[in-house]
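All remarks here apply to the structure that follows.
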Amino acid sequence: KPLLSLQDVHTHYRSRNGVVHAVKGVSFDVAPGESVGLVGESGCGKSTLSKTIVRLVASSAGKILLDGDDIAKLDGARLRPYRRRVQMIFQDPYASLNPRHTVAEILDAALLIHDVKDKTERRRRIEQIVDLVGLPQRALRSYPHQFSGGQRQRIGIARALVLKPALVICDEPVSALDVSVQAQILNLLVDLKREFGLSYLFISHDLSVVRYIADKVLVMNGGRIVDSGDHNSIWQNP
Ligand code: ADP
Ligand code: ADP
């Protein structure tokens, strides 16, 4: 059974200039432990699609099945348990890390939002995840601006993984990093996937990055999936 199954999903934006049909009937599955790459030019709808899956943006039609349950129309408390199962990692974690909070506070807040009430349990999970993403324990007392770009992405990864998600949506996670650091972060993501059996939806404009991490690649254009397959077949298509 797929972990995630999109069935004919559509997403519209309404603005002063009218309606933008950003996702036009997208269907695909992500199996447990599978890593799916999503490539396509800027403006083709990749971010909208990922925001639709985590329900930051509402879909206008279609089904979004997570563990077999349709979450497309759930909201509030009924959506909450599903929210934890799908976490996101962004291109620029700095933009989403509260600059006035220490790393410990950032991770603690993520756990609190998802109802991990026991303080000792939160502490234990925070100490574990910091090790797992390759940061020293003293990082817990530091603020986001005190870290390099690569270390900040490790914090972003820790914040996603401390919630023990099944699926992690990685939206251009290494695009803003120095080339030497990109490989370190990609290797970390591969290791974490192996360790926890995670699934990834890995969004990138860079097919060579996707090729490194994805079992299957989807090509998006004009709001639609126009091609899919393994990297070699994608590479060969004109
Ligand atoms: P990508 O992530 O592939 O660059 P996006 O999902 O950001 O693509 O954008 C898809 C389309 O939706 C584009 O035409 C973009 O201009 C439009 N769009 C994105 N966000 C909004 C928004 N908040 N309001 C209106 N249109 C939007
Ligand atoms: P524990 O009961 O110690 O939490 P687990 O085997 O569930 O035992 O997890 C050990 C640690 O591994 C967790 O604290 C967490 O940091 C990490 N972990 C477990 N499952 C996942 C997952 N699906 N995604 C990310 N990290 C996970």
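Summary table
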| quantity | calculated |
| --- | --- |
| Qualifying residue in region 5-15 (condition: loosely packed, with under 13 Cβ neighbours inside 10 Å and either modelled with pLDDT under 95 or part of a helix (DSSP H, G or I) (or both)) | yes |
| Sole residue being farther than 20 Å from K216 by Cα and of a type in the set (G, A, S), chosen from S27, S50, S60, S35 | S60 |
| Selected residue (criterion: nearest to ligand 1 (Cβ to nearest atom)) from residues of region 44-66 that are open to solvent by 70 Å² or more (accessible area, probe 1.4 Å) and within 18 Å of the chain's Cα centre (by Cα) | K51 |
| Residue within region 217-232 that is without any contact (Cβ under 8 Å) to a residue 24 or more places away in the chain, under 18 Å from L3 (Cβ atoms) and open to solvent by 50 Å² or more (accessible area, probe 1.4 Å) present | no |
| Candidates L163, L188, L135 - the one that is without any contact (Cβ under 8 Å) to a residue 40 or more places away in the chain, among the aliphatic types (A, V, I, L, M) and closer than 25 Å to R84 by Cβ | L135 |
| Selection from region 22-40 of residues that are away from ligand 2 (no atom under 16 Å from the Cβ), in a strand (DSSP E or B) and either free of Cβ contacts under 8 Å to residues at least 24 places away in the same chain or surrounded by 15 or more Cβ atoms within 10 Å (Cβ to Cβ) (or both) | A22, V23, K24, G25, V26, F28, D29, V36, G37, L38, V39 |
| Contacts under 6 angstrom Cβ, first residue in region 45-62 being away from ligand 2 (no atom under 16 Å from the Cβ) and among the charged types (D, E, K, R), partner in a loop (DSSP other than H, G, I, E, B) and open to solvent by 20 Å² or more (accessible area, probe 1.4 Å), 6 or more apart | K51/V57 |
| Test: residue in region 94-116 that is within 16 Å of ligand 1 (Cβ to nearest atom), over 13 Å from the mean Cα position of the chain (by Cα) and either assigned to a strand (DSSP E or B) or free of Cβ contacts under 8 Å to residues at least 12 places away in the same chain (or both) | yes |
| Qualifying positions in region 92-144 - among the β-branched types (V, I, T), within 14 Å of ligand 2 (Cβ to nearest atom) and open to solvent by 40 Å² or more (accessible area, probe 1.4 Å) | T120 |
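Yes or no, residue by residue, for (1) at pLDDT below 95; (2) over 25 Å from L161 (Cβ atoms); (3) away from ligand 2 (no atom under 16 Å from the Cβ):
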| site | (1), (2), (3) |
| --- | --- |
| L192 | no, no, no |
| I203 | no, no, yes |
| L207 | yes, yes, yes |
| M220 | no, yes, yes |
| V226 | no, yes, yes |
| D230 | yes, yes, yes |
| Q236 | yes, yes, yes |
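The values are calculated or read from the model by the stated rules, or taken from the named source; none is laboratory data. Everything quoted here is computed from the prediction, not taken from an experiment. We place every Cβ from the backbone using ideal geometry, glycine too, and count neighbours over all the protein chains shown. Heads up: the accessible areas ignore ligands, DNA and RNA and are worked out on the full protein's heavy atoms, side chains in. Shrake-Rupley method; radii C 1.70, N 1.55, O 1.52, S 1.80 Å.
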